[in-house]
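Right, one structure below, let's go through it.
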Amino acid sequence: MPVSFMPESWVDGGGLWSNRDARFTNTRFISDWDYKGKANPSPVLASDLVDIITGEEIETQVWSIGSGFAASADGKKASQTGDWLLGGALIKSSNILILFESILEAIPDDKKDEYVEKLLGSSKASALDGLEAHMIRKKIVREGLVKKARPDGKVYDATTPVVDSIIKYPWEKAKKAPPGTVGGGKAAAAADAPAAKSAAPTGDVVTKTYMLIGQVLAENPTMSRDGLNKAVFKLVKVPKERMEIAKLVYSPEWLTANAEDGGFAYDEEGDMVTVAE
């Protein structure tokens, strides 16, 4: 009998990336993940997370489940990998339920019953494929958990990626990226670079993007494009607006076309952004 993901079945029990917009892909259970040889094999939920701004794979992220569980390809027999999980009730302090709890909290109250059923009710890992979310890292608080030591001897808390806010649900259609921005096609942007300015969002979004770039550069007059994007990203709290602004700041074509109006300079060869002289 496959393990239930629904909240009412949860029980009590005993140099990392963060602040990224990610898409869940190829989500599955693995019976014997050994953390790249760094730990004893144990069952996990795994997903090949993709950065939805750059389109690049972040990494295969895993969430530990605890002992006594196994993946299943058919929901009946244990296997190395599978869409289902076999075992007892999931423990609330496990990393997988820290993730599920964050998803639960990110769903609006008026949609909670319907959307929780869609995401978790099937008990299939693949139900999360296509979920796009802003993700941060959360400190793991669990009895008996030992803090890890870095090679330099410093000790740090164990953390796990969780959903901070949901950008798109798996059943929603993907939003088409405008030409000249990430996902809009490099060939089109290269063929008509000036079009990047007119194709990008206008009005308040562009004005706010100029303001945020100026705010960041006021403290750091010279930054890499990636560094600027990350700094601006942290300042925007609304998911939809954050995505629109981040796409602009990450686009070399948009930076080139809008540098003069925005009060900054972009060196495409060095991929650096500076305050305009």
### Task
Can you put Glu269, Glu57 in order of Cβ neighbours within 10 angstrom, beginning with the fewest?
Glu269, Glu57
### Summary
Quick calc: nm separation of the 7 Å Cα→Cβ label points for Asn26 and Thr222 -> 4.0 nm
### Task
Name the aspartates and glutamates eligible as straight-distance cross-link partners of Lys92: C-alpha to C-alpha under 15 Å, and not fewer than 8 places from it in the same chain.
Glu8, Asp12, Glu101, Glu105, Glu143
### Task
Go through segment 257-265 residue by residue and turn each phi into a ³J(HN,Hα) via Karplus (6.51, -1.76, 1.60, θ = phi - 60°); whole Hz please, and just put x for glycine and proline.
6, 10, 4, 4, 5, x, x, 9, 10
### Task
Using label points projected 7 Å from each Cα along Cα→Cβ, tell me how many nm separate Asp113 and Lys76, to one decimal.
3.4 nm
### Query
Pairs Lys38/Lys118; Lys38/Lys111; Lys124/Lys234; Lys76/Lys112: which exceed 31 Å Cα-Cα?
Lys38/Lys118; Lys38/Lys111; Lys124/Lys234
### Message
Just want the ordering: Thr274, Thr209, from fewest to most Cβ atoms lying within 10 Å of their own Cβ.
### Response
Thr274, Thr209
### Length released on extending from Ile136 to Trp17, taking residue separation times 0.36 nm less the Cα-Cα span
42.0 nm
### Query
What pairs from Lys77/Lys168; Lys36/Lys77; Lys138/Lys168 go past 30 Å between their alpha carbons?
Lys77/Lys168
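None of the figures in this text is laboratory data; all of them are computed from the coordinates on show. All figures in this text were calculated on a predicted structure; none of them were measured in a lab. Glycine also receives a Cβ, built like all others from the backbone with ideal geometry; neighbour counts cover every protein chain displayed.
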